[in-house]
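K.L.:
This is the structure I want to talk about, given as structure tokens.
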Amino acid sequence: MNVNELVWKREPKKYKISNDKIEITTEPRTDLWQRTYYHFRNDNAPVLQVETEEKYFSFVVRTDFTDSKKRFDQCGIVMYLDSENWLKASVEYENENYQHLGSVVTNHGYSDWATTAISASVKSMWYRFSRREDDYCIECSDDGISFTQMRICHISKGGEKIWFGIYACSPEESSFKAVFTDMMITECKWPAHDGQQPD
């Protein structure tokens, strides 16, 4: 992946970019969330993305969040189209015992949040983000080889040109260094559906 093609949406104060590694130091009270459940809205997390009109591809990245330490500290993949239409996947710190591996999909200004609890000892996670036209698949892996599906979703504004990449944030009074490596764009690894056909 050519890091020179990546563009900031809300550039953070502190970061480092090289050909094989990106480091983002989060700032307090940064987040991506829209309305659902407690009507809170926050749209100020730093996002580093590339644009494409390619309809079939996969994007892979390894995240390291060894430095995370405060509730909701997070870093992962993102497809940010505008403030009310986007998706993200990450591990969000909770406490010394467990954290949340999950994803958020936001359509028309309302976010959902799907999670599963994992051990707080996990400090690294791979993600694979795949596109098939205006549908998307998010997968995760602990070794970058065997990936497990987290969710399949539809993005209402995701049918044409999109922007996708990485993000990191600290929704509470916190700051940590998020590290991204092994980024690559490949042919679509999400196979076409071969089961029951539509009516």
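The values are calculated or read from the model by the stated rules, or taken from the named source; none is laboratory data. What you are looking at is a predicted structure, and each value in this text was computed from that prediction instead of being measured. With ideal geometry, Cβ positions are generated from the backbone for all residues, glycine too; neighbour counts draw on all protein chains shown. Note: accessible area is taken over every heavy atom of the protein model, side chains too, but ligands, DNA and RNA are not part of it. Shrake-Rupley method; radii C 1.70, N 1.55, O 1.52, S 1.80 Å.
K.L.:
Treating the beta-carbon of each Lys and Arg as +1 and of each Asp and Glu as -1, no other charges, what is the dipole magnitude of region 67-199 about its Cα centre, to the nearest 20 debye?
P.N.:
240
K.L.:
When only DSSP loop residues count, what GluC sites (Glu not before Pro) in region 1-94 have their Cβ near at most 14 other Cβ atoms within 10 Å?
P.N.:
Glu53, Glu54
K.L.:
Could you check which residue among Ser111, Ser119, Ser170 shows the biggest mean-square fluctuation in a GNM of the chain with a 10 Å Cα cutoff?
P.N.:
Ser119
K.L.:
Of Phe57, Cys75, Gln34, which is farthest on the positive side of the dipole of region 3-77, counting Cα position, with +1 on Lys and Arg Cβ, -1 on Asp and Glu Cβ, and the Cα centre as origin?
P.N.:
Positive-end residue among those listed: Gln34.
K.L.:
At 10 °C and 1.306 mPa s, grab the translational diffusion coefficient of region 1-150 from Stokes-Einstein with a Kirkwood Rh over Cα pairs, rounded to a whole number in µm² per second.
P.N.:
Rounded, D is 99 µm²/s.
K.L.:
Taking a probe of 1.4 Å, how large is the accessible area per residue of region 1-110, in Å²?
P.N.:
49
K.L.:
Over the chain, with a Gaussian network built from C-alpha contacts below 10 Å, which listed residue (Asn44, Asn85, Asn97) shows the highest mean-square fluctuation?
P.N.:
Asn97
K.L.:
Rounded, prolate or oblate: which one fits region 98-150, using the alpha carbon gyration tensor with axes a ≥ b ≥ c (rounded when a/c is under 1.5, else prolate when a/b beats b/c, else oblate)?
P.N.:
oblate
K.L.:
Now for a different question. If one computes the Cα centroid of region 119-136 and of region 38-69, what distance in Å separates the two points?
P.N.:
For region 119-136 versus region 38-69, the Cα centre distance is 10 Å.
K.L.:
A follow-up question, please. Of all accessible surface on region 1-147 at a 1.4 Å probe, what whole percent is carbon and sulfur?
P.N.:
The nonpolar share, carbon plus sulfur, comes to 45 percent.
K.L.:
Find the relative contact order for the chain and round it to a whole percent, using C-alpha pairs within less than 8 Å whose residues are 6+ positions apart.
P.N.:
Value for the chain: 31 percent.
K.L.:
Taking only the Cα atoms of region 1-42, how large is their convex hull per residue, in Å³?
P.N.:
Here the figure is 105 Å³ per residue.
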